[in-house]
Each structure stands twice: as structure tokens, then as C-alpha cells.
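The values are calculated or read from the model by the stated rules, or taken from the named source; none is laboratory data. These numbers were taken from a predicted model, which means no experiment stands behind them. Every residue, glycine as well, gets a Cβ built from its backbone with ideal geometry; the counts of neighbours run over all protein chains shown.
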Amino acid sequence: MFLSTAGTSKLNECRSSWHSGWWLVKIGLWIALSLVAFLVPSQIIHIYGEIAHFGAGVFLLVQLVSIISFITWLNDCCHSEKNAERCHIHVMLFAASAYVICIVGIILMYIWYVPDPSCLINIFFITLTLILLQLMTSVSLHPKVNAGFLTPGLMGLYVLFLCWCAIRSEPVEQRCNRKAEASDGKDWLTIISFVVALLSIVIATFSTGIDSQSFQFRKKDTPTEDGVPYGYGFFHFVFATGAMYFAMLLIGWNTHHTIKKWTIDVGWTSAWVRIVNEWLAVCVYIWMVLAPIILESRQSMYMNQIPH
């Protein structure tokens, strides 16, 4: 689908109708490809598994940029001249709530996942998350940046969520993960959590796929009437990498690891993938905040060097 729809720009193209229609053909192809996956040699599946490691990382990066773009867009919208006065109180309430949730979440993670001082890895994860939250806040409140409290607060929630997911991904046998061990079981709550996790991945993939504007260096000011509403090729590319990410969650990011039933994204590899994603999120956010200032200062220096 990515190869057949990449570069589609007009709604009246045949590829546009192929993207949004032809469902009987697509269902037939889906069934055929699903059957082929059971017939091909296992070596091909292992090759796909190795490729999926890279594709899943690309999906995390794409999703990360999309989330940060949405947070910065929301902040700019709330601080615009049209909405600044009307949304001032709402922004302060949302920002204060975000920081309160972050602080409470960090305290709860210390209580749940640090039962004794020997749990050094969990102490490191949680403490570093707190430091990164303070770093994002300091950068955002710098006089030259002046990004306010809302963006670092929302990013703090996202970073805290990644840290929590990383610790939850640790093997249940670890004595520092007693919260996961207490909830281990094949009951209805475990099954519901499993299904909700799968649905959240699908929703995140769909929302990221239609957000191709966040990844364009040059924005289109006035889209044409017959132009496509979003990048069809990018949409299917995100779904392809999302499928790879989905596969990595089901095997714990380890193609040589046997994972337990009714578990998803469990294992030390999964935990470190989440933590690295958290660190990368902070780096990308700080860069997106500082990039306009750095580029503007470089442009000013270049203009000053040009002889008049």
C-alpha cells in the first residue's frame, strides 16, 4: 500500500480511490498474505523480525515527533492573540494539574517499585525522570525561550508514562517489580488490559498516520480543493512500521525469547527501549524548543558578516 500510494496528490487519481476503496480486493489480499506467512520458510520470518526491530524504532520516533508537534501546537494556540486572554486560566489549571500528576506519579513509583534501597535500576529510572522534568521546565521558562508551563507539563506526563511503562516491562520475577507480580494472572482484568493495550496501539498508529503535516519542512499555506487531506504514502508507511512495533511488543523485542501468555511488552529489552525512548523524547523536545532561537542567531550572525 505504501509503494502504490506514495506521492498521491490529487483526489481524482486512481491511487486515491485505491487508498480509500477496493475493500473486497484488500480483504482478499489480506487473507492471502496471512496464509502465505504460515507457508513461507521460517528464515524469512526471522529476517522480517530483524527488520522489524529497525521499523519499530522508526515508528517510535515518528510517533514521538507527532506528539511533541501536537503539544507545541496546543501551546501556540492557547497563547495566540486570539485565545491568550480567554484561555489564560485554563492553561494555568492544565499546567498545574499536569505538574501535580507528575509529582504524585513519581512518588507512587517510588512506593510501588522501590521496595528496598537495593533496587538501584528503578531508583535510577525514576530519579532521572524527575531530573529530566526539571530540565524541560528550566529550558521552557528561559527568558529567550519563554514557552510557558503548559508544554513542559504535558511533556512531563508523557515522559512519566514512558518511565512507568519501562518499569512495568521489567520481568515479573524481579523482586523490585512486586506491583506487576501481584497483578500477574489470567483473569478477566488481565485480558481487558491486554485488549486495551492493543486498541491504544491501533489508535495511536492511525492518529500518527494522518499527521503527515508535522513531518513537512515546508508547510502548504493554501491547500487546493482537489488535493489529498494527508499523505497517503506516509499513512501506510506509519502503519507498516506500526505493525513492526506491534510485533515487537508481542515478543518483548527479542526474537529469541519465549514470552508468557497474555503478556505484552515484557522483558529487559522492552524496558530499555522505553527508557531510551523517554530520553530521546526529552532531547527532541528541547531541540524543537531551542532550534528556532539557534537558527535565528546563526542567521543574524551570517547577515552581520555580509559586507553592506
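Summary table
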| quantity | calculated |
| --- | --- |
| Residue identified as within 29 Å of the chain's Cα centre (by Cα) and over 27 Å from residue 269 (Cα atoms) among 27, 31, 44 | 27 |
| Some residue of the stretch 4-27 being at negative phi, in contact with a strand residue (DSSP E or B) (Cβ under 8 Å, 6 or more places away or on another chain) and charged (D, E, K, R) | yes |
| Residues satisfying the stated conditions in the stretch 273-288, i.e. more than 14 Å from residue 129 (Cα to Cα), among the hydrophobic types (A, V, I, L, M, F, W, C) and touching a residue at least 12 places away in the same chain (Cβ under 8 Å) | 273, 284, 286, 288 |
| Residue count, the stretch 95-113 (criterion: under 22 Å from the mean Cα position of the chain (by Cα) and surrounded by 18 or more Cβ atoms within 10 Å (Cβ to Cβ)) | 6 |
| Residue tally, condition modelled with pLDDT under 85 and within 25 Å of residue 247 (Cβ to Cβ), over the stretch 5-49 | 3 |
| Search result, residues across the stretch 115-155 that are exposed (fewer than 14 other Cβ atoms within 10 Å of the Cβ) and assigned to a loop (DSSP other than H, G, I, E, B) | 116, 117, 118, 141, 142, 143, 144, 146 |
| Near pairs, Cβ below 6 angstrom, 6+ apart or cross-chain, from the stretch 136-150 (within 19 Å of residue 73 (Cα to Cα)) to any residue that is assigned to a loop (DSSP other than H, G, I, E, B) and of a type in the set (A, V, I, L, M) | 140/147 |
| Residue in the stretch 46-57 that is acidic (Asp, Glu), more than 16 Å from residue 236 (Cα to Cα) and not in a helix (DSSP H, G or I) present | no |
| Meets criteria (surrounded by 15 or more Cβ atoms within 10 Å (Cβ to Cβ), part of a helix (DSSP H, G or I) and in contact with an Asp or Glu (Cβ under 8 Å, 6 or more places away or on another chain)) for residue 162 | yes |
| Some residue of the stretch 87-106 being outside any helix (DSSP H, G or I) and modelled with pLDDT under 80 | no |
